[in-house]
Amino acid sequence: MELDVIRREDPEVADLIEQELHRQQNTIELIASENFTSEAIMAAAGTVLTNKYAEGKPEKRYYNGCEVIDKIEKIAQERVCKLFGMAHANVQPHSGAQANMAVFLYALKPRDKVLSMDLSNGGHLSHGSPVNFSGLYFDVVSYGVDENGYIDYDEVEKLAVENKPKLIIAGASNYPRIIDFKRFREIADKVGAYLLADIAHIAGLVATGLHPSPAGYAHFVTTTTHKTLRGPRGGVIMCDEEHALGIDKAVFPGTQGGPLEHIIAAKAIAFKEAMAPEYKEYCAQVVKNSKVLAQTLIDNGLDVVSGGTDNHLMTLDLRKIGRTGKDIANLLEEVHITANKNTVPNDPQSPFVTSGVRLGTAATTTRGFKEDDMKIVGKIIANVVKHSDDAEIMAKSAQMALELCQKHPLYK
Ligand code: DSN
């Protein structure tokens, strides 16, 4: 990594960036929404493109001097449309939440009804949480998961028929199973609702055919670009031509000002990387690693919500053991593992404490972790959950984690 230029100008910030690099290199990253971009993507994000104002869209800008920027943004649009089989893309949303906000602005009027997954069951803040714009300005009805941790589509249909939402959201930030977009569309059609598929977490798996695609079913598809998709931090909205103009207006001037063209260039590179055969192999390994991690936890006597996973993530359910997600996530950090506390369905604890820890394999797989490595990771987690009072076991676990980090160096 090129830190010398920063250090000459601002050693204080350069030192902190170096410390963060060191932390990432010496930590097993299990936060399910994180990943490590290629150096090309990081380099693009630090280019002169950051200097340019380009409000509007390619060839319809409010500022002059955008002829190069236009070409970059068009490449990003074309690539992401090809990757997901969609007709139109707006690559300007600064994040997934901003992408969702623009869809809400286009598709709904204030106080319209939305049917989405409850946050504590795996949904997302921007899908209607009472503390987010989506829950403050719209009337939200929630569906959850059944006692086995799966979406109950009959229940979703019943809620849709009873409440007649204008928008139904299929998508989650913590759901380990396949989402049936076809069934969601049938439900949406039955009540005349729009369907938004938020594929932020599973985008990489969708792009490589490892999860069914919402293309052809969802009116709008939103995603982030930095999770399984392994691009820079940002968002995208995709839709049919019918909604293209309205969605573009909802992004600018509706919810954002100048687009981050340096990030859009980095997104374009990520979309190219995601079309390569190696990326498909990577995503297949993400799922294999996830399944092995879930099984290792189960084999060590721990519970995992829904009893396993079909994708890149799972939630360790600590209720039976009487530990909290907050405690275990903090203890994992002591042994060089980063993960986040997360509610489990019907969690008796508050969202700040929780009874679960969400675990994902996108980032470790980028480092080169394979099934045998994930078995060791599962064993370390089981050690922490069951033996955190034993200093010797904790020290041994930390050593095992560091050895895995050394075996799979990051940004060497
Ligand atoms: N914060 C993201 C996650 O961790 O899933 C969602 O926005």
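The values are calculated or read from the model by the stated rules, or taken from the named source; none is laboratory data. Please read these numbers as outputs of a predicted model, since none were measured by experiment. Positions of Cβ are backbone-derived with ideal geometry, glycine not excepted, and every protein chain shown enters the neighbour counts. Each accessible area value is taken on the protein alone, full model and side chains, heavy atoms only, with ligands, DNA and RNA left out. Shrake-Rupley method; radii C 1.70, N 1.55, O 1.52, S 1.80 Å.
Here are the numbers:
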item: Members of region 196-222 found to be over 15 Å from ILE178 (Cβ atoms) and surrounded by fewer than 23 Cβ atoms within 10 Å (Cβ to Cβ), listed by number; result: ALA215, GLY216, HIS219
item: Test result for THR366, surrounded by fewer than 20 Cβ atoms within 10 Å (Cβ to Cβ), under 18 Å from the mean Cα position of the chain (by Cα) and either modelled with pLDDT under 95 or not aliphatic (A, V, I, L, M) (or both); result: no
item: Filtered residue count, region 43-65, keeping only those that are free of Cβ contacts under 8 Å to residues at least 60 places away in the same chain and within 19 Å of ALA89 (Cα to Cα); result: 4
item: Search result, residues across region 109-123 that are assigned to a strand (DSSP E or B) and within 16 Å of the chain's Cα centre (by Cα); result: MET117
item: Out of SER126, SER120, sole residue that is closer than 25 Å to THR225 by Cβ and within 16 Å of the ligand (Cβ to nearest atom); result: SER126
item: Of residues in region 231-282 being of a type in the set (Asp, Glu) and farther than 21 Å from GLY65 by Cβ, the one most open to solvent (accessible area, probe 1.4 Å); result: GLU242
item: Tabulated pairs, region 21-36, first at pLDDT 95 or above, second within 11 Å of the ligand (Cβ to nearest atom) and of a type in the set (Lys, Arg), C-beta under 7 angstrom, 6+ apart or interchain; result: ALA32/ARG358; SER33/LYS227; ASN35/LYS227
item: Region 75-96, subset surrounded by fewer than 21 Cβ atoms within 10 Å (Cβ to Cβ) and within 16 Å of the ligand (Cβ to nearest atom), residue nearest to LYS164 (Cα to Cα); result: SER95
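One line per residue, one yes/no per condition, for (1) over 27 Å from TYR63 (Cα atoms); (2) at pLDDT below 95; (3) within 16 Å of the ligand (Cβ to nearest atom):
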| residue | (1), (2), (3) |
| --- | --- |
| LEU205 | yes, no, yes |
| PHE220 | yes, no, no |
| THR223 | yes, no, yes |
| ARG233 | no, no, yes |
| LEU245 | no, no, no |
| GLY254 | no, no, no |
| MET275 | yes, no, no |
